[in-house]
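Before any comments, here is the structure.
Every number in this text was worked out from the coordinates using simple rules, so none of it is lab data. This is a predicted model, so every value here is computed, not measured. FYI the Cβ positions are ideal-geometry reconstructions off the backbone, even for glycines, and counts take in every protein chain you see.
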Amino acid sequence: MNIKIEPSWKARLLAEFDKPYFEMLAESVRKEYQSATCYPPARLVFNAFNLCPFDQVKVVIIGQDPYHEPGQAHGLSFSVQDGVPFPPSLQNIFKEINDDIGTPIPFSGNLTRWAEQGVLLLNATLTVRAHQANSHAQLGWQTFTDAAIRALASERRHLVYLLWGGYARGKAYMIDREENLVLESVHPSPLSANRGGWFGQHQFSRCNAYLIDHNQTPIQW
């Protein structure tokens, strides 16, 4: 696997690349991409890091694994490429943003614009086999992405962590709540959101208020 990752992240994660688990992970991913259709495209596996350098992170949104249908995944959690219909979770995210702060629902589900403002859109597992959700969950990616979260937790302060659903909320133990804002809710997928606990939480306005209170530019959601 050709590892091209943004320099500030590479500096924090360099030790991971030499560990036995990562060598096995890289080999497993290489074989998967050679033998089957996998997402995102190989050049975009580290897209979340490359678009959002370590020192520019303001907000962290943790997803589980990439979308697994053609044309969707491009290395950012919850985001799809231009021209791709919104998956149900993304529809609910945009609806809540509209209800919370009035931002119109956009024409594109490409969240690159968020990443470039300092939103780390990190999937815990960075690759997936086509049509098979969580198919790469046991390859070792979570050890790597947990290392990224720990790096942020140890060096950065006054970040906002948006933890949606039980899986993302399971990462909360790594985060100092006294030094950061942690907003937890159910997952925005219809199965969870329609039961309550997603809509009306005002997470996006609360996030921006916290950033402003700590002399940071709010996110244009």
Next item on the list: Quick one: dipole size for the chain, taken about the Cα centre, charges +1 on Lys/Arg Cβ and -1 on Asp/Glu Cβ, in debye to the nearest 20.
Entry: 180
Notebook entry, point to check: Based on DSSP, what percent of beta bridges with both residues in the chain are antiparallel, to the nearest 5?
Noted result: 20
Next item on the list: List, in order, the whole-Hz ³J(HN,Hα) value for each residue of the stretch 58-65 obtained from phi through the Karplus relation with A = 6.51, B = -1.76, C = 1.60 and θ = phi - 60°; use x for Gly and Pro.
Entry: 10, 10, 10, 10, 9, x, 8, 8
Notebook entry, point to check: What is the projected area of the convex hull of the Cα atoms of the stretch 59-183, averaged over all directions, in nm²?
Noted result: 7.9
Check: Based on the Cβ-Cβ distance of D18 and Q56, what FRET efficiency does E = 1/(1 + (r/R0)^6) give at R0 = 30 Å, to the nearest 0.05?
Finding: 0.70
Next item on the list: Please work out the C-alpha center-to-center distance from the stretch 149-178 to the stretch 50-100 and express it in whole Å.
Entry: 18
Margin query: Quick check: from the Cα gyration tensor, does the stretch 113-190 come out rounded (a/c under 1.5), prolate or oblate?
Written below: prolate
Notebook entry, point to check: Okay, helix-only estimate at 222 nm for the chain: each DSSP H run of n ≥ 4 adds -39500 (n - 2.57), divide by all residues, round to 500 deg cm²/dmol; what do you get?
Noted result: -11000 deg cm²/dmol
Check: What residue among P53, P106, P66 shows peak mean-square fluctuation when the chain is described by a Gaussian network model with Cα springs under 10 Å?
Finding: P106
Item checked: Relative frequency of Cα-Cα separations exceeding 21 Å in the chain, percent -> 53
Next item on the list: Taking amide H positions as placed in the peptide plane 1.01 Å from N, state which residues far from L120 in sequence (5 or more) or on other chains have amide H under 5 Å from it.
Entry: K58, V59, V60, I61
Note to self: What do you get for GluC sites (Glu not before Pro) in the stretch 172-214 restricted to DSSP loop and a cutoff of at most 14 other Cβ within 10 Å of the site's Cβ?
What the structure shows: E178, E179
Notebook entry, point to check: Tell me, what is the percent relative contact order of the chain, built from C-alpha pairs under 8 Å that lie six or more residues apart?
Noted result: 23
Next item on the list: Give the long-range amide H neighbours of C38: residues separated by 5 or more places, or on another chain, with amide H under 5 Å away, using H modelled in the peptide plane at 1.01 Å from N.
Entry: A130
Next item on the list: Just need the relative contact order of the stretch 130-221 here, percent rounded to a whole number, with Cα pairs under 8 Å and 6+ apart.
Entry: 22
Next item on the list: Stick to the Cα atoms of the stretch 24-131, pair each with every other, and give me the Kirkwood hydrodynamic radius in Å at one decimal.
Entry: 14.4
Margin query: Quick one: the Cα spread of the stretch 89-129 along its three principal axes, in angstroms, biggest first?
Written below: 34, 22, 17
Next item on the list: Can you check what the Kirkwood hydrodynamic radius comes to for the stretch 1-77, Cα pairs only, in Å to one decimal?
Entry: 13.7
